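So the structure is just underneath, and the comments pick up after that.
Throughout, read-outs are computed from the coordinates displayed, never taken from laboratory work. This is a predicted model, so every value here is computed, not measured. Counting neighbours? That spans all protein chains shown, and the Cβs are built from the backbone with ideal geometry, glycine included.
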Amino acid sequence: MPQVDNSSSKPDGRRMRSNRSRQLIIASMLELIKQGNLVPTAQQVADHANVGIRSVFRHFEDMESIFETANELLHREYRGLFIGGDRSGKLQERILHATECHANAYETMSNMILSSAARRWNSKVLQKSYVANQHQLRKDLDEWLPELENLSESKRQAVDGIASFEMWHRLRNIQSLSKTDSIEIIVEMLEALIC
């Protein structure tokens, strides 16, 4: 009677441990960024993950590859924050709801966005991801506010600038305005351009 090789159906313990270590390293990287360490070092990631520094570089070629892997995961989470919301109602209501939706996403992802910006100058992957995110944000605004297609190109570009994370970050962190005041200012500027 021929013997059946069941080795392919059994999970490979080493591979499972390797995958767990890899996930732990990425989770540690993300946690450090969420805590405010926007560009953690390999040693900081290793210490947080409770693994050796050699383990970090056994799973990832360099720090950039860790950041890129983390960025892929974040991109999915980030896009999910813009889904939904009541997109019906009068124009002023939709401007307010779109601004609130974007504000909540920016507040949630602020450190992640800043971390990506700090490394973007040196990463083609992050540069490409940034451009894709900007196109997605523009598309999202178009869905909230179909009236945008009637604007001149210069006004449409101004809308993107006003609705951007960079504007939000300036109001909240540089001008030290409250979330409510920041939303009010953005809504007022958008209404001046669109209504």
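So which of Ala103, Ala117 ends up being aliphatic (A, V, I, L, M) and in contact (Cβ under 8 Å) with a residue 40 or more places away in the chain? Please lay out each step first, then the result.
On the way: Ala117 fails: in contact (Cβ under 8 Å) with a residue 40 or more places away in the chain.
Sole residue among the options that is aliphatic (A, V, I, L, M) and in contact (Cβ under 8 Å) with a residue 40 or more places away in the chain: Ala103.
For the condition among the polar types (S, T, N, Q) and not in a helix (DSSP H, G or I), what is the one hit in Asn104, Asn71, Asn37? Spell out how you get there, then give the answer.
Details: Asn104 fails: not in a helix (DSSP H, G or I); Asn71 fails: not in a helix (DSSP H, G or I).
Only one candidate qualifies: Asn37.
Look at the stretch 100-135 and say how many of its residues are within 19 Å of Leu32 (Cβ to Cβ), surrounded by 15 or more Cβ atoms within 10 Å (Cβ to Cβ) and not basic (Lys, Arg).
Residues flagged as within 19 Å of Leu32 (Cβ to Cβ), surrounded by 15 or more Cβ atoms within 10 Å (Cβ to Cβ) and not basic (Lys, Arg) within the stretch 100-135 amount to 11.
Taking the criterion of being without any contact (Cβ under 8 Å) to a residue 60 or more places away in the chain, surrounded by fewer than 13 Cβ atoms within 10 Å (Cβ to Cβ) and either in a loop (DSSP other than H, G, I, E, B) or not hydroxyl-bearing (Ser, Thr, Tyr) (or both), would at least one residue in the stretch 91-98 satisfy it? Steps first, please.
Filtering the stretch 91-98 down to residues without any contact (Cβ under 8 Å) to a residue 60 or more places away in the chain leaves 93-94, 97.
After this cut, where a residue has to be surrounded by fewer than 13 Cβ atoms within 10 Å (Cβ to Cβ) as well, the list is 93.
With either in a loop (DSSP other than H, G, I, E, B) or not hydroxyl-bearing (Ser, Thr, Tyr) (or both) added as a condition, the list becomes 93.
Scanning the stretch 91-98, I find at least one residue that is without any contact (Cβ under 8 Å) to a residue 60 or more places away in the chain, surrounded by fewer than 13 Cβ atoms within 10 Å (Cβ to Cβ) and either in a loop (DSSP other than H, G, I, E, B) or not hydroxyl-bearing (Ser, Thr, Tyr) (or both), so the answer is yes.
I'd like to check something: does the stretch 166-182 contain any residue that is surrounded by 15 or more Cβ atoms within 10 Å (Cβ to Cβ), of a type in the set (Val, Ile, Thr) and under 18 Å from Glu100 (Cβ atoms)? Lay out the reasoning, then the answer.
Taking the stretch 166-182 as the starting set, the residues that turn out to be surrounded by 15 or more Cβ atoms within 10 Å (Cβ to Cβ) are 167-169, 171-172, 177, 179, 182.
Retained after the next criterion (residues that are of a type in the set (Val, Ile, Thr)): none.
Among the residues of the stretch 166-182, not one is surrounded by 15 or more Cβ atoms within 10 Å (Cβ to Cβ), of a type in the set (Val, Ile, Thr) and under 18 Å from Glu100 (Cβ atoms), which makes the answer no.
Could you list, in sequence order, the residues of the stretch 177-195 that are without any contact (Cβ under 8 Å) to a residue 60 or more places away in the chain and within 24 Å of Pro146 (Cβ to Cβ)?
Within the stretch 177-195, the first condition is being without any contact (Cβ under 8 Å) to a residue 60 or more places away in the chain, and the residues that meet it are 177-178, 180-181, 184-185, 188-189, 192-193.
Selection gives Glu184, Ile185, Glu188, Met189, Ala192, Leu193.
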